[in-house]
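Have a look at the structure below before the remarks.
The values are calculated or read from the model by the stated rules, or taken from the named source; none is laboratory data. Predicted model only: the values in this text are computed from it and were never measured. Reconstructed Cβ throughout: ideal geometry from the backbone, glycine too, with neighbour counts over all protein chains shown. Note: areas computed on protein heavy atoms with side chains; ligands, DNA, RNA excluded. Shrake-Rupley method; radii C 1.70, N 1.55, O 1.52, S 1.80 Å.
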Amino acid sequence: MQVCLLASGSKGNAIYVETAESRLLIDAGLSAREIGHRLNAIGAAPENLDALLVTHEHRDHCRGLGPVARRWNVPVHVHHATREALPGVGKLEHTVEFDSGDAFCLRDMEIQTVPITHDAVAPTGFILSTADGNIGIVTDLGLATRLVADRFQKCRVLILESNHDEDMLRDGPYPWHLKQRVRSRHGHLSNRESADLLRQLHWEGLEAVFLAHLSETNNSPQLAEACARQVLGQQGNSSARLFIGSQHRHSDCFAW
């Protein structure tokens, strides 16, 4: 088992998850060439991918979706409304559509879909349930709803959005309408809001937390990490590993 953020940020997102029998890509926001390069860099072969899961239709999550699916013959699992909204990905030979809240099996895991709040047609979080524990993926959400707090309990690995520092966003260079969009219930979680969600989801079996979708303009890795570490420290879980996503390079992998 291993989990890695291949890229995370406003210019491109992709997550790699490997189990005993499955090789998954969640989102394809980089070019196929760059995704292949980063997979090879962590010792994963793109031609072995079993599925590509799509969280939503924004370009930073699906820019390379069509080329990845066609080049390596990867089935695409996508919400039916998101499939209609995908921006010019070209022909997809093999798509598997789901509805909000559906669960489906893929080789050695069950994949649970969880609707989240974001300014997309059907934004989706995923819980990958395996015999060796659950992996929760919840990024690009403006509000941590009660449903999210309930469904993402008992994950061994969490990938959580920690997009912006509230003061940096307020005082930063974004125009007012964009600041309002980021702060809205359909925008992105701040470091504080991400930490609040982490506090709700923490349990003694949590072993790794990946902080994702950090803004390069309105955040810093140090600020995001400090908020998350404070929660882990308060919960007495200094042994849980913390990973910070980057736009420009893959993260370290968490393997077990």
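Considering (1) of a type in the set (A, V, I, L, M); (2) farther than 16 Å from Ile15 by Cβ; (3) surrounded by fewer than 20 Cβ atoms within 10 Å (Cβ to Cβ), the lone condition that Leu106 does not fulfil carries the number (2).
A Cβ distance below 6 Å, combined with a sequence gap of six or more or placement on separate chains, defines the contacts here; from region 131-147, residues that are among the polar types (S, T, N, Q) reach residues that are open to solvent by less than 20 Å² (accessible area, probe 1.4 Å) and modelled with pLDDT of 95 or more in the pairs Asn134/Ile127; Asn134/Cys155; Thr139/Glu161; Thr139/Ala212; Thr139/His213. Looking across region 231-253 at every residue that is in contact with a Lys or Arg (Cβ under 6 Å, 6 or more places away or on another chain) and in contact (Cβ under 8 Å) with a residue 40 or more places away in the chain, the one that is farthest from Ile35 (Cα to Cα) is identified as Gln247.
Summed over region 31-48, the residues that are part of a loop (DSSP other than H, G, I, E, B) and either of a type in the set (Val, Ile, Thr) or open to solvent by less than 10 Å² (accessible area, probe 1.4 Å) (or both) give a count of 2.
Scanning region 1-30 for residues that are in contact with a Cys (Cβ under 8 Å, 6 or more places away or on another chain) and not in a strand (DSSP E or B), we see that the one that is farthest from Ser162 (Cα to Cα) is Ala28. In this structure, Thr55 does not satisfy being closer than 23 Å to Cys105 by Cβ, touching a residue at least 12 places away in the same chain (Cβ under 8 Å) and surrounded by fewer than 22 Cβ atoms within 10 Å (Cβ to Cβ). Just checking, does region 208-224 include any residue being of a type outside the set (S, T, N, Q), surrounded by fewer than 15 Cβ atoms within 10 Å (Cβ to Cβ) and outside any loop (DSSP other than H, G, I, E, B)? Yes: region 208-224 contains one or more residues that are of a type outside the set (S, T, N, Q), surrounded by fewer than 15 Cβ atoms within 10 Å (Cβ to Cβ) and outside any loop (DSSP other than H, G, I, E, B).
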